[in-house]
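Q: I am attaching a structure below and will ask some questions about it afterwards.
The values are calculated or read from the model by the stated rules, or taken from the named source; none is laboratory data. If you're wondering where the values come from, they're calculated on a predicted model, not measured in any experiment. For neighbour counting, all protein chains shown are included, and Cβ atoms are generated from backbone atoms with ideal geometry for every residue, glycine included. Side chains included, ligands, DNA and RNA excluded: accessible areas come from the protein's heavy atoms. Shrake-Rupley method; radii C 1.70, N 1.55, O 1.52, S 1.80 Å.
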Amino acid sequence: MELFDNFKIWVLFVCVVFELGHGFYLPGSYPHKYVVGDSLSVKVNSLTSIETEIPYSYYSLPFCKPQEGVKDSAENLGELLMGDRIENSPYRFKMFTNETGIVVCPSKVLSGGEFKILKERIDEMYQVNLILDNLPAIRYTKKDGFFLRWNGYPVGIKIQGKYYVFNHLKFTVLVHKFEETNVARVMGAGDSADMIPTDKKGSDVPGYMVVGFEVVPCSFKHDAGSMKNLAMYGKYPSGIKCDPTSVAMDIKENEPLAFSYEVSFVESDIKWPSRWDAYLKMEGAKVHWFSILNSLMVITFLAGIVFVIFLRTVRRDLTHYEDLDKEAQAQMNEELSGWKLVVGDVFRAPSYPSLLCVMAGDGVQILGMAVVTILFAALGFMSPASRGTLITGMIFFYLLLGIAAGYVAVRMWRTIYCGNHKGWVSVSWKAACFFPGISFLILTTLNFLLWGSHSTGAIPFSLFVILILLWFCISVPLTLVGGYFGAKAPHIEYPVRTNQIPREIPPQKYPSWLLVFGAGTLPFGTLFIELFFIMSSIWLGQVYYVFGFLFVVLILLVVVCAEVSLVLTYMHICVEDWKWWWKSFFASGSVAIYIFLYSINYLVFDLKSLSGPVSATLYLGYSLFMVLAIMLATGTVGFLSSFWFVHYLFSSVKLD
């Protein structure tokens, strides 16, 4: 009976977790009730461009500034690392109050420097990003009968050698009536929702929630005479016709430039839980399923090879050997061939054993961070509505998993040295500093380029100090703690003895490393389709939110890496090549080479509009950082799976 009750509790727990993953929404903001006439403030984010990939502050251009001055919004660690700089703006609305012809800058004369930088940003196709109630401004354009969705709007446009700026904005705010039937906040992201009761104060006052924010940019030439006596937020005397298909406000040096806007409120059927649907629509669901199907086919093919190795080859040899009497076994030992010949060398310590252990420890840390982060994102805990949460979560989980890096590195190191625990502190330190040190070097170099460009993508010095403190105050101590537990844990004992004199490896028909690096094509084939969507999200400003697909692809990638490395290791020891340690690591880790080549291909063919050596250097630098992490994670999977396979293989039979 007690067992049945425990089973019911577990079933209930699983159902709750599944329900949370299906419908719980943690976007970083809750539904806000606005009464008619309440103030709404528009915020601005960094200017972005797919031409340069270098973000700049909104107020680096001669835009209107708010009366109270420019104020930064509180930003988390992830937002700062992504280059987001959210600030207040002069655009302000009143709930359900339509307004037209509101002038925010009656007269602003462009200086020579402002005129020059404005032209540069127009040439580089920079986009203005506005935010209202945590919703980015969205723009729709029609092309060939289809509506295209864009985040933000362009600074301006160049036509026949003249530069035109979009100085009049037509805002449309979609609102939905605040539904309150003994509930206060709806936190659902799907069909289900969690209703949280609150007090009834003010519940009788009708209110609205913002569920959409659209913008239409226009280029309008204001009459200089009409602007003379207007103050900020004054009403333009004559009507402003916003026609996005025509331009009129060409900019010239030392001539005035005015900015204005209009806003209309439209009641919408969109409910609060669905207000992000327009941003999270990911096209090509069939392509994602094709990616998974493609991965499954590769896994099935490799699993068939592994099945043959285990059941037809290894098992057959072991069974045949065990059926022989001692005299026949002694005679057979003299006639051994294949993997049985390297029994005295297969566990011989590899070259640079400390480096291998450190890379394996860091790989476990990176892989664990990826699995946990993507799982939380798939469950809805890291919504794009909460900017920077994904990056912040990755850093948080990486720091915590330092304990796993230290444990794996030290225990593997002790295993290679047959239980010797001296020097575990040094190995732990190396594991704590290897990948973060290389990353710090790459990011610092790229940061100097961003600093030189005065970009908001540059990490501030104060944030650099915070990252270093997180590294040495959290990650390093946790890695040392993991190393301590690894030193105390029993080492993995080898099933066979290692000869004092190493066996000579016979000459091979083909270079073994050529086969190793060629093996990376199979893991790459499982993820290259999903990789395209991830690259488009990072470099083309598209929202990526199909983390469920990504989690499945990640699991399939791990399986493929393990199978590839296992097969390659077996092939090497069958031809009496006992130096399998590093080859097993790079058999699966070589997928990083193909990802880097794909990144170069993406730069040439998909980001061909990327301009300037600084932008290309930034792209290649971040790509190098990414492939280094992937190499460590996938290489670790291959190495650990091969180590288990070799240990299992030689522990199944005793050879003297």
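Q: Within the stretch 78-116, can you find the residues that are open to solvent by 20 Å² or more (accessible area, probe 1.4 Å), β-branched (V, I, T) and either outside any strand (DSSP E or B) or at pLDDT 95 or above (or both)?
A: Across the stretch 78-116, the qualifying residue is only T97.
Q: Can we say H176 is modelled with pLDDT of 75 or more and either within 35 Å of the chain's Cα centre (by Cα) or open to solvent by 80 Å² or more (accessible area, probe 1.4 Å) (or both)? Show your work before the answer.
A: Values: modelled with pLDDT of 75 or more: yes; either within 35 Å of the chain's Cα centre (by Cα) or open to solvent by 80 Å² or more (accessible area, probe 1.4 Å) (or both): yes.
Considered against the rule, which asks whether it is modelled with pLDDT of 75 or more and either within 35 Å of the chain's Cα centre (by Cα) or open to solvent by 80 Å² or more (accessible area, probe 1.4 Å) (or both), H176 comes out as yes.
Q: W580 fails exactly one of the following numbered conditions: (1) touching a Ser or Thr at 6+ places or on another chain (Cβ under 8 Å); (2) open to solvent by 20 Å² or more (accessible area, probe 1.4 Å); (3) in contact (Cβ under 8 Å) with a residue 60 or more places away in the chain. What is the number of that condition?
A: (2)
Q: Hey, another quick one. Within the stretch 368-391, track down each residue that is within 19 Å of S439 (Cα to Cα) and open to solvent by 40 Å² or more (accessible area, probe 1.4 Å).
A: Listed by number, the residues that qualify are L390, I391.
Q: Only one residue in I442, I466, I438 is open to solvent by 20 Å² or more (accessible area, probe 1.4 Å), part of a helix (DSSP H, G or I), more than 29 Å from H421 (Cα to Cα) and out of contact with any Gly (no Cβ under 8 Å at 6 or more places or on another chain), so which one is that?
A: I466
Q: Separate question: Within the stretch 405-425, which residues are surrounded by fewer than 21 Cβ atoms within 10 Å (Cβ to Cβ) and either closer than 18 Å to Q365 by Cα or touching a Ser or Thr at 6+ places or on another chain (Cβ under 8 Å) (or both)?
A: Within the stretch 405-425, V425 is the sole residue that qualifies.
Q: Going by the conditions given, is Y279 closer than 18 Å to L550 by Cβ, of a type in the set (F, W, Y) and either at pLDDT 70 or above or out of contact with any strand residue (DSSP E or B) (no Cβ under 7 Å at 6 or more places or on another chain) (or both)?
A: On the way: closer than 18 Å to L550 by Cβ: yes; of a type in the set (F, W, Y): yes; either at pLDDT 70 or above or out of contact with any strand residue (DSSP E or B) (no Cβ under 7 Å at 6 or more places or on another chain) (or both): yes.
For Y279, the condition - closer than 18 Å to L550 by Cβ, of a type in the set (F, W, Y) and either at pLDDT 70 or above or out of contact with any strand residue (DSSP E or B) (no Cβ under 7 Å at 6 or more places or on another chain) (or both) - is met.
Q: Right, G78: farther than 16 Å from V44 by Cα and more than 25 Å from the chain's Cα centre (by Cα) or not?
A: Against the criterion (farther than 16 Å from V44 by Cα and more than 25 Å from the chain's Cα centre (by Cα)), G78 does not qualify.
Q: Which condition number in (1) modelled with pLDDT of 85 or more; (2) more than 23 Å from S89 (Cα to Cα) is the one that G202 fails?
A: Looking at each condition in turn, G202 falls short on (1).
Rundown of residues vs (1) among the basic types (K, R); (2) over 19 Å from D38 (Cα atoms), yes/no style:
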{"residue": "E99", "(1), (2)": "no, no"}
{"residue": "V104", "(1), (2)": "no, yes"}
{"residue": "V109", "(1), (2)": "no, yes"}
{"residue": "E114", "(1), (2)": "no, yes"}
{"residue": "K119", "(1), (2)": "yes, yes"}
{"residue": "E124", "(1), (2)": "no, yes"}
{"residue": "Q127", "(1), (2)": "no, yes"}
